[in-house]
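Encoded as structure tokens, the structure appears first; notes follow it.
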Amino acid sequence: MIAYVTKNKNILILSLIIALATILSSATIDSEIQQSKNKRDAFSQKIKEKRAEIIASQSKLSAAEREYYKLQNEIQEIDVQIRQTELEIEDKMISIEVKQREVEIADLNVSNQNKKLKKRLRTMYMFGETGYVEILLKADSLMNMLTRIDRIQSLLDYDKKLLSELKESKKNLETSKEVLENEKEDLEVLKEQELNEKAQLGRALERAEVLKKELQKNVENLKLEKRLFEAEQEEITRYIKTLEKRKNYVGGNMGWPLDLRWNHISSFFGPRRAPTPGATTNHGAIDVVVPSGNPVYAAQTGTVQLAKYLGSYGNFVLIDHGGGIQTAYAHNSVLLVKPGQVVQRGQRVALSGTTGRSTGPHLHFEVRRNGTRVDPLNYVVIP
């Protein structure tokens with residue numbers, strides 16, 4: 001009598017464990033779904049913030065790139081200006097050289113004319129055919145003398161005027177040369193200023209390039225962070241869908257949990273005569289005769305809740321299909337799944353056997369609705 005009570009107590013404890021697993025499963029799933037949704041919402045906010053940061057950084061990057069290319073253009077323009085200035089300096093140098101030669105020629109002309117004038121003056125005051133006294137003495141009349149004097153004076157005036165003009169020309173040439181030299185100096189100063197400006201632009205371009213690279217790296221890092229957040233969000237979304245599948249029964253008839261040839265039911269759901277001392281007389285499952293080592297299939301898609309040796313059930317598998325619906329597979333020889341694993345309808349979950357309290361090789365197949373065992377034949381059809 002004591003042994004019988006103890007055995008029934010063990011069965012009751014096992015039933016309570018399974019029922020508790022069902023209740024906890026539903027509550028835990030709801031809690032996990034809500035927590036996961038909260039995490040997903042948090043990642044959505046992070047993604048939104050990161051997107052705003054990316055837009056702001058891209059805007060800064062665009063401004064930096066515009067500044068960078070603007071500086072490049074300015075450097076190209078200043079290079080053109082420097083080259084133009086250099087060409088102008090070269091032209092000025094050539095003009096100065098030409099003007100220098102003109103000054104030298106003018107100086108030579110002045111020198112020659114000056115010599116010529118001095119020579120003429122000396123000659124006029126000397127005795128001879130062209131001497132001034134002789135010219136006067138040869139005049140045969142006063143009028144003739146005056147005419148000769150006038151001619152001599154005209155020659156002198158011409159020589160003086162020519163000398164003056166040559167000196168003036170030389171002076172003008174020297175002035176022009178000085179102007180050209182001043183212009184050349186101004187151009188050299190301008191070139192120096194342009195070179196300084198180019199150097200400043202070069203330093204600004206280096207700073208702009210550093211800033212551009214930093215902003216590019218920042219944008220890439222922000223995009224990477226955004227992708228990581230999106231991956232986390234997608235992972236959470238997939239996990240939520242998995243939880244919801246576990247919560248909501250996929251519906252429809254279940255598949256036969258064995259190969260179709262193994263369809264002999266040795267014990268139906270409901271009252272029965274206890275097959276072994278201490279066994280329950282209210283059978284909450286169907287027993288299907290099948291030799292050991294044959295595949296046991298998941299009757300419907302779901303998530304494995306238990307996969308372990310469980311007292312009189314032997315090697316036991318409990319699968320949650322959502323919506324409070326679970327299936328159980330007992331007395332297996334080998335377990336092929338683990339708790340938490342998602343299985344598909346028709347997927348192998350165990351190999352048949354006769355472990356636990358069993359009178360021989362068979363599959364003990366249960367269907368539970370909200371923790372209460374119900375007739376499996378309401379869900380499966382005997383092949």
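The values are calculated or read from the model by the stated rules, or taken from the named source; none is laboratory data. Keep in mind it's a predicted model, so treat the numbers as computed, not measured. Don't worry about glycine lacking a Cβ; one is built from the backbone with ideal geometry, like all the others, and counts go over all protein chains shown.
Filtered by the rule that a residue be within 19 Å of Gly356 (Cα to Cα), of a type in the set (Val, Ile, Thr) and buried (at least 22 other Cβ atoms within 10 Å of the Cβ), the range 320-342 gives a lone residue, Thr327.
Taking the range 74-105 as the range and being surrounded by 14 or more Cβ atoms within 10 Å (Cβ to Cβ), under 30 Å from Glu174 (Cβ atoms) and of a type in the set (A, V, I, L, M) as the test, the residues that pass are Ile89, Met93, Ile96, Val103. Only strands (runs of 3 or more DSSP E) whose full extent lies in the range 285-383 are considered here, and the ones with at least 1 residues that are more than 21 Å from Phe269 (Cβ to Cβ) are 295-297, 302-309, 315-322, 348-351. Of all residues in the range 249-289, those satisfying the criterion of being farther than 24 Å from Pro383 by Cβ and at pLDDT 70 or above are Pro271, Asn282. Can you name every residue in the range 210-234 that is under 28 Å from Glu74 (Cβ atoms), of a type outside the set (A, V, I, L, M, F, W, C) and buried (at least 16 other Cβ atoms within 10 Å of the Cβ)? Within the range 210-234, Lys212, Asn218 meet the criteria. Taking (1) touching a strand residue (DSSP E or B) at 6+ places or on another chain (Cβ under 7 Å); (2) polar (S, T, N, Q); (3) at pLDDT below 95 in turn, Gln347 satisfies each apart from (3). Note on the range 76-93: residues that are basic (Lys, Arg) and over 11 Å from Lys191 (Cα atoms) amount to 1.
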